[in-house]
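Remarks on the structure that follows.
The values are calculated or read from the model by the stated rules, or taken from the named source; none is laboratory data. None of these values were measured; they are calculated from a predicted model. Quick reminder, even Gly has a Cβ in these numbers, built from the backbone with ideal geometry, and neighbours come from all protein chains shown. Heads up: the accessible areas ignore ligands, DNA and RNA and are worked out on the full protein's heavy atoms, side chains in. Shrake-Rupley method; radii C 1.70, N 1.55, O 1.52, S 1.80 Å.
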Amino acid sequence: INLSVFDGQQITYYFNLTDIAGNHDIMKSSTLDVDMSPPVVNNFSYDIYRRRVSFVINVTDKNFDKVTFMDKNDPRVGSRDLCTQLRNGLCKKTISFNPGNHNLDFKLIDDAGNVAFIKNVTFVI
């Protein structure tokens, strides 16, 4: 069922099942929060101090799950978590990097599985 018209709303639903003989049963109604929207990135910034890079991402999403990143210049390391919670709408984290070129892709995910991307963040340590 396409629920996109209910995005950001709470809906009530139930099922009415009827078999070929005409017997039927109605399920007790349940409520569901509909979330079809990806997280919104309001601002993204980073500062480099020697080998340490401090990231700050301002995010709007009431069902936020996490921010992950992957360094495309270091294929040995897969996706890593940057933040698993927001404080006042901010994901803040400082990470140490090895010397060299870095090309990061960030993925912001909410509890419903909606995704937003920040791609090609490049810097040299």
> Which numbered condition trips up Phe97, out of (1) in contact with a strand residue (DSSP E or B) (Cβ under 8 Å, 6 or more places away or on another chain); (2) open to solvent by less than 70 Å² (accessible area, probe 1.4 Å); (3) under 30 Å from Gln9 (Cβ atoms)?
Replying inline: (3)
> Are any residues in region 108-119 of a type outside the set (A, V, I, L, M, F, W, C), open to solvent by less than 80 Å² (accessible area, probe 1.4 Å) and in contact (Cβ under 8 Å) with a residue 12 or more places away in the chain, and if so, which ones?
Replying inline: Asp110, Asn114
> Quick one: in region 1-32, which of the residues that are of a type in the set (Ser, Thr, Tyr) and not in a loop (DSSP other than H, G, I, E, B) is farthest from the chain's Cα centre (by Cα)?
Replying inline: Thr18
> Given the conditions (1) assigned to a strand (DSSP E or B); (2) at pLDDT below 95; (3) open to solvent by 80 Å² or more (accessible area, probe 1.4 Å); (4) not β-branched (Val, Ile, Thr), and given that Pro75 satisfies all but one, which numbered condition is not satisfied?
Replying inline: (1)
>> I'd like the full set of residues that are in contact with a Pro (Cβ under 8 Å, 6 or more places away or on another chain) and not in a strand (DSSP E or B), limited to region 33-59.
In response: Arg51
> For the subset of region 78-94 comprising residues that are open to solvent by less than 30 Å² (accessible area, probe 1.4 Å) and part of a strand (DSSP E or B), which member is nearest to Val59 (Cα to Cα)?
Replying inline: Cys91
>> Tell me yes or no: at least one residue of region 19-31 is open to solvent by 80 Å² or more (accessible area, probe 1.4 Å) and closer than 15 Å to Asn114 by Cβ.
In response: no
> Could you say which residue among Val34, Val67 is among the hydrophobic types (A, V, I, L, M, F, W, C), open to solvent by less than 60 Å² (accessible area, probe 1.4 Å) and at pLDDT below 95?
Replying inline: Val34
> Residues in region 46-61 that are hydroxyl-bearing (Ser, Thr, Tyr), closer than 25 Å to Phe97 by Cβ and open to solvent by 50 Å² or more (accessible area, probe 1.4 Å): how many?
Replying inline: 2
